[in-house]
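First comes the structure, then the notes that go with it.
The values are calculated or read from the model by the stated rules, or taken from the named source; none is laboratory data. These figures come from a predicted structure and were not determined experimentally. Don't worry about glycine lacking a Cβ; one is built from the backbone with ideal geometry, like all the others, and counts go over all protein chains shown.
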Ligand code: PEP
Ligand code: MN
């Protein structure tokens with residue numbers, strides 16, 4: 001993919017590139033009041049507002065439509081901020097271009113649909129406009145890449161990816177799990193692709209936004225898209241996750257921007273030393289796992305000789321509880337220990353099952 005660096009399409013770029021504005025355009029007054037306050041927040045360069053809203057259930061507020069594009073254009077004229085909105089089909093593209101929206105984005109529910117993405121790409125052929133592609137709702141990196149490739153195929157080279165979290169069906173404190181390894185893998189595959197984090201849709205609640213923004217900065221992401229509203233509590237969509245321009249300012253001021261490298265030799269030496277300690281402990285962990293596996297094989301042989309099932313559920317529960325308790329005593333997180341032992345235990349069951357059934361044990 002031919003990707004133009006962010007500083008080639010955002011003049012005087014500073015890190016992070018901040019995009020802020022309401023989830024939805026609701027009224028001219030709400031748009032202009034929000035934009036005026038956002039303008040006063042240093043470092044915000046782009047104003048966002050959803051004009052057509054993809055809602056999970058019908059009969060919710062589905063956006064104001066074309067009328068909102070006029071307000072967006074007034075925001076640009078009055079504040080000098082660049083403007084952006086979500087497009088989900090060729091008609092949206094046509095109207096957004098007619099009203100001179102500066103930057104388009106493709107929403108998470110659209111990225112999942114290659115037909116819709118291709119329709120947007122076709123309507124953008126020959127148009128020189130930046131396009132940001134949100135990750136699909138489900139954890140499918142190929143779909144995300146596919147949507148970016150369709151834009152690239154239409155000649156769009158001002159491209160960015162937006163990480164807005166994934167819907168996995170798991171309950172957690174997040175509305176959409178961040179699964180940081182997925183955007184990180186996209187960055188590894190396309191190192192020049194700018195990555196913007198949308199903490200609002202990851203969090204689903206405003207008290208988590210600052211924490212996620214910091215994580216995004218620590219992961220070296222280039223930008224942040226933060227839903228901001230003059231009066232979030234009465235917002236017609238995503239009320240719980242929107243912040244006021246005042247809180248946005250606080251969040252941005254509180255960010256620590258860290259660097260990957262330093263010229264300080266002492267620090268480098270200290271880090272090298274600690275890393276070699278980690279290497280040594282990892283070696284011990286792997287040796288211990290290998291010893292454990294040898295014992296598991298002997299259990300497998302004994303079970304085979306006595307015709308006992310490889311998986312004994314009561315043992316699994318007992319083992320898990322004891323390990324989680326022991327881990328807690330040692331100051332380790334419960335979920336961390338559970339995840340590790342789920343994986344260790346399922347490998348043990350697989351090994352024993354292969355032995356009991358005389359299958360070949362894979363190394
Ligand atoms: C939005 O940005 O308001 C939106 C609908 O987001 P997403 O596509 O990430 O759900
Ligand atoms: Mn929203």
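Selection of the stretch 227-237 for residues being modelled with pLDDT of 95 or more and under 22 Å from the mean Cα position of the chain (by Cα) yields 227, 228, 229.
Among the candidates 164, 109, 150, the residue that is buried (at least 19 other Cβ atoms within 10 Å of the Cβ), farther than 21 Å from residue 215 by Cα and either at pLDDT 95 or above or within 16 Å of ligand 2 (Cβ to nearest atom) (or both) is uniquely 150. Here residue 319 clears all of (1) part of a loop (DSSP other than H, G, I, E, B); (2) under 30 Å from residue 173 (Cα atoms) except the condition numbered (1).
Scanning the stretch 228-243 for residues that are more than 16 Å from residue 211 (Cβ to Cβ) and either within 16 Å of ligand 1 (Cβ to nearest atom) or surrounded by fewer than 18 Cβ atoms within 10 Å (Cβ to Cβ) (or both) yields 228, 229, 231, 232, 233, 234, 235, 236, 237, 238, 239, 242.
Inside the stretch 85-94, residues that are surrounded by 18 or more Cβ atoms within 10 Å (Cβ to Cβ) and either touching a helix residue (DSSP H, G or I) at 6+ places or on another chain (Cβ under 7 Å) or in a helix (DSSP H, G or I) (or both) make up a count of 5. Across the stretch 167-179, the qualifying residues are those that are farther than 16 Å from residue 240 by Cβ and touching a strand residue (DSSP E or B) at 6+ places or on another chain (Cβ under 6 Å), and the one among them that is modelled with the lowest pLDDT is 168. State all residues of the stretch 18-77 that are within 25 Å of the chain's Cα centre (by Cα), more than 14 Å from ligand 2 (Cβ to nearest atom) and assigned to a loop (DSSP other than H, G, I, E, B); if no residue qualifies, say none. 41, 42, 43, 57 - these are the residues of the stretch 18-77 that are within 25 Å of the chain's Cα centre (by Cα), more than 14 Å from ligand 2 (Cβ to nearest atom) and assigned to a loop (DSSP other than H, G, I, E, B). Filter the stretch 310-349 down to residues that are in contact (Cβ under 8 Å) with a residue 12 or more places away in the chain and more than 32 Å from the chain's Cα centre (by Cα) and give me whichever is surrounded by the most Cβ atoms within 10 Å (Cβ to Cβ). The qualifying residue surrounded by the most Cβ atoms within 10 Å (Cβ to Cβ) is 348. Close Cβ contacts (under 6 Å, 6 or more residues apart or on different chains) running from residues in the stretch 233-262 that are away from ligand 2 (no atom under 16 Å from the Cβ) to residues that are not in a helix (DSSP H, G or I) comprise 245/41; 245/228; 249/41; 252/43. Could you tell me which numbered condition residue 82 fails, if it satisfies all but one of (1) away from ligand 1 (no atom under 14 Å from the Cβ); (2) surrounded by fewer than 18 Cβ atoms within 10 Å (Cβ to Cβ)? For residue 82, the failing item is (2). For the stretch 5-14, filtered to residues that are assigned to a loop (DSSP other than H, G, I, E, B) and crowded, with 16+ Cβ neighbours inside 10 Å, the residue that is farthest from ligand 1 (Cβ to nearest atom) is 13. The number of residues in the stretch 134-151 being farther than 15 Å from residue 104 by Cα and free of Cβ contacts under 8 Å to residues at least 60 places away in the same chain comes to 11.
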